[in-house]
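Data first, discussion second: the structure below is written as structure tokens.
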Amino acid sequence: MNIVVCVKYVPDAQGDRGFESDRTTDREGVDGLLSELDEYAVEEALKIVEAGEGEVTVLTVGPDDAATAIKKSLQMGAHKGVHVLDDAIAGSDAVGTSLVLAEAVRKCGDVDLVLTGLASTDGVMSVVPAMLAERLGLPQVTFASELTVDGGHVSIRRDNEAFSETVEADLPAVVSVTDQINEPRYPSFKGIMAAKKKPVETWSLADLGLDASQVGLDAAWARVEDTQARPPREAGEVVTDEGQGGEALADFLAGRRLA
Amino acid sequence: MSEVLVLVDHVDGDVRKTTAEMLTAARRIGEPSAVFVGQGYAAAKEDLARFGAAKVYLAEDAVYTDHLVAPVAELLADLVGRTSPAAVLVASTNDAKEVAGRLAIKTGSGVITDAVDIATGDAGLRVTKSVFAGSYTVAAQVGTGTPIITVKPNSIPAEESAATPAEETVTTEVSEAARAARVTSRTAKEKSGRPSLTEAAIVVSGGRGTGGDFGPVEAFADVLGAAVGASRAAVDAGWYPHSHQVGQTGVSVSPQLYIAAGISGAIQHRAGMQTAKTIVAVNKDAEAPIFELVDFGVVGDLFTILPQATDKVQQNKG
Ligand SMILES: Cc1cc2nc3c(=O)[nH]c(=O)nc-3n(C[C@H](O)[C@H](O)[C@H](O)COP(=O)(O)OP(=O)(O)OC[C@H]3O[C@@H](n4cnc5c(N)ncnc54)[C@H](O)[C@@H]3O)c2cc1C
Ligand SMILES: Nc1ncnc2c1ncn2[C@@H]1O[C@H](COP(=O)(O)O)[C@@H](O)[C@H]1O
């Protein structure tokens, strides 16, 4: 079983996230890390190969520092890494990113399963997995909160507000997983040491047969025109309960005509 | 005037509020055409007319609901080709966002997710959204193809405008590839009798501070006519169903009033509630980060404060 896991390097949500002068996400000013939501995809891939056999390749599209996302995944136990690195990719929208990911997955060769997180924690679009499936012509089996793979077949549980669904498809397929699916492991000391010897390939756009004009900010089909920091919320009134806290709360709501 | 395709968000014909909000937004930029997929049109018909759908495209074939996302994307791609709409609007649900993603690739169009406002600008549509857990508001524009926009519930106030929609049944050749992911079972979730989380004007949420007893949270929600939400800590502990989780990996809500009880206010929780108009918190730790966001906060024990507030609201109602 050959599994490719798409992992993204994102600015830390605990940091002071913001924009560059060209209104693309600032990926330099804030420390970055492997998107927490992609750890669930790495964990699930590892569980699948540990229960049978196979190899886990982690794939990232991002700047130099995105190598840290690969490193963390290798420390968790993935076997090898692919880093698509090219200055021309900077500022790509989901459409551009999915194009690069799709070509990179193709170049990986015989892939049975493409695993992704449910959303990247910076853009939070949840569209890349569907775009990837569309581009690769593969079945899309997404938002898995339970996953079973056997005999060339994948089955998941997918929940939404109204329903719980079972979705099935034959492999190869694109599968995204939610944070309900497992508990990602921490890298062990052994894992950290072993990761240093694992192979990481770096591919450019040319290696993927893509042209700089197809990606990046200038090629983006959707772009940000204007950004504004939300004015900080006016510090509200905070009272300490000395027996009347609940009434004070009800009075506040009445005053605002909310109750 | 150009058509604007609006993918109807409904459950068996029970039209969700977002649909009315999308039809309202669509009227600002063109003539709304509702695309109704699945069963239950008879129940939906009146709502679509009331909010101004000039046309309804009906796709009732089971192929669209027996397979995940891809057939609906093919249907919309077909309609985009036929009608050259000014935009395609879908709700910001998991399913519809994925339809939007596929449609973008199929039609060579840019996509913007989680719009809170849509207006006509100098050079096309100007779409407003909130990013980085609510810390920024950005305006975005689609420069290529047909703007495909997913609309965040509870953001654009719905306004009625009666119309008599022309109905047209559509069928498309759904490709083999689009049938590859099969929905083999679908179990409806139990209804709580409370408003749905994304649509509710008021949400009362409980966290780890409830210690597993959501009684006071539910009672307060009921007196306010509110939906009940939960933090991930409460969901992970098995105290409340995951479908009620508010935050980055749960639902994102934008109510008039959000009340957090026994919730510390972690960034992942804030990501799902920070755009609420008014925020109230009850927490026994005065240092809890949630208090940085509040319009009104009470430091104290939710087990005494919520019941007292519930009684007072009840009394005020007379
Ligand atoms: C990848 C990822 C995704 C996540 N997604 C989400 C998400 O979607 N939604 C989400 O909510 N979280 C999410 N989290 C978790 C988030 O980081 C926090 O752990 C979680 O929100 C904490 O929940 P809590 O506030 O209920 O618990 P805690 O942080 O433990 O806070 C409990 C609060 O209750 C107060 N309290 C205790 N007893 C009482 C009492 N009797 N009366 C009043 N107050 C009391 C305490 O003072 C404390 O502030 C995510 C985390 C990760 C890593
Ligand atoms: N630049 C990237 N490199 C690798 N994987 C990515 C990248 N962007 C998005 N993904 C994958 O797509 C998923 C959904 O991302 P998004 O649609 O941006 O919310 C993520 O969880 C990743 O698995």
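Name the shape class, rounded, prolate or oblate, that the alpha-carbon gyration tensor gives for chain B, where a ≥ b ≥ c are the square roots of its eigenvalues, rounded holds for a/c under 1.5, and otherwise prolate holds if a/b is larger than b/c and oblate otherwise. In terms of gyration-tensor shape, prolate.
How many lysine pairs does chain B hold where the Cα atoms are under 13 Å apart and the two sit 8 or more places apart or on different chains? Count of close lysine pairs: 4. For region A:121-196, the solvent-accessible area of protein heavy atoms averages 39 Å² per residue (probe radius 1.4 Å; ligands and nucleic acids excluded).
Between B:Y258, B:Y136, B:Y240, which gets the highest mean-square fluctuation from a Gaussian network model of chain B, Cα cutoff 10 Å? It is B:Y136.
About the centre of its Cα atoms, region A:25-70 shows a dipole size close to 100 debye [charges on the beta carbon of Lys, Arg (+1) and Asp, Glu (-1) only; nearest 20 debye]. Modelled this way, with points 7 Å down the Cα-to-C-beta line, the labels at B:D311 and A:V238 are 2.7 nm from one another. Distance from the Cα centre of region A:95-170 to that of region B:32-109, in angstrom? Each part reduced to its Cα centre gives a spacing of 22 Å. Only Lys, Arg, Asp and Glu carry charge here, each on its Cβ (+1 for the first two, -1 for the last two); on that basis region B:65-201 has a dipole of about 460 debye about its Cα centre. Among B:I118, B:V204, B:L23, whose Cα sits farthest toward the positive end of the charge dipole of the protein assembly as shown (+1 at Cβ of Lys/Arg, -1 at Cβ of Asp/Glu, about the Cα centre)? Highest projection toward the positive end goes to B:V204.
Taking the protein heavy atoms of region B:50-199 in the context of the full set of protein chains, the accessible area attributed to carbon and sulfur is 46 percent at 1.4 Å. Amide H contacts for B:V35 (H built 1.01 Å from N in the peptide plane; partners 5 or more residues away or on another chain; cut-off under 5 Å): B:V6, B:L7, B:V8, B:Y57.
Helical content of chain B, expressed as a calculated mean residue ellipticity at 222 nm, amounts to -8500 deg cm²/dmol (DSSP H runs of 4 or more residues, -39,500 (n - 2.57) each, divided by residue number, nearest 500). Which shape class applies to the protein assembly as shown: rounded if a/c is under 1.5, otherwise prolate when a/b exceeds b/c and oblate if not, where a ≥ b ≥ c are the square roots of the Cα gyration tensor eigenvalues? Oblate is the answer for the protein assembly as shown, as a/c is 1.5 or above yet b/c matches or exceeds a/b. Within straight-line reach of A:K190, meaning a Cα separation under 22 Å, sit the following lysines at least 8 residues removed in sequence or on another chain: A:K47, A:K71, A:K72, A:K80, A:K198.
Calculated [222 nm] ellipticity per residue, helices only, for chain A: -8000 deg cm²/dmol; basis is -39500 (n - 2.57) per DSSP H run with n ≥ 4, divided by all residues, nearest 500. Using alpha-carbon positions, what is the distance between the centroids of region B:119-190 and region A:216-243, in Å? Each part's Cα centre sits 23 Å from the other's. Extension gain for the segment B:K284 to B:D301, taken as residue separation times 0.36 nm less the Cα-Cα distance, is 5.6 nm to one decimal. Beta bridges per DSSP, both residues in the protein assembly as shown: antiparallel share near 40 percent. For B:T120 paired with B:E168, estimate the spin-label separation in nm (one decimal), with each label point 7 Å from Cα along the Cα-to-Cβ line. Result: 2.2 nm between the two label points. Need one value: the accessible area of A:M1 in square angstrom, 1.4 angstrom probe, rounded to the nearest 10. The accessible area comes out at roughly 60 Å². Net length available on complete extension from A:E55 to A:H153 is 33.5 nm, with 0.36 nm assigned per residue and the Cα-Cα distance removed.
Taking A:Q228, A:Q180, A:Q244 as the candidate residues, the one with maximal mean-square fluctuation in a Gaussian network model of chain A, Cα springs under 10 Å, is A:Q244.
Within chain A, antiparallel bridges make up roughly 40 percent of the DSSP beta bridges whose residues both belong there. Charges were assigned to the Cβ only: +1 to each Lys and Arg, -1 to each Asp and Glu. The resulting dipole of region A:1-137 about its Cα centre is roughly 280 debye.
Considering only A:F163, A:F189, A:F143, the Gaussian network model of chain A with Cα springs below 10 Å gives its largest mean-square fluctuation to A:F163. For region B:202-318, the gyration tensor built on C-alpha atoms gives a rounded shape. Its axis ratio a/c (a ≥ b ≥ c) stays under 1.5. Accessible surface of A:D251, taken over heavy atoms with a 1.4 Å probe and every protein chain present, rounds to 80 Å². Whole-Hz Karplus values for region A:240-246 come out as 9, 5, 10, x, 10, x, x Hz, taken residue by residue from phi with 6.51 cos²θ - 1.76 cosθ + 1.60 and θ = phi - 60°; glycine and proline positions read x.
The values are calculated or read from the model by the stated rules, or taken from the named source; none is laboratory data. Quick caveat: nothing in here was measured; it's all calculated off a predicted structure. Reconstructed Cβ throughout: ideal geometry from the backbone, glycine too, with neighbour counts over all protein chains shown. Heavy atoms of the whole protein, side chains included, go into the accessibility calculation; ligands, DNA and RNA do not. Shrake-Rupley method; radii C 1.70, N 1.55, O 1.52, S 1.80 Å.
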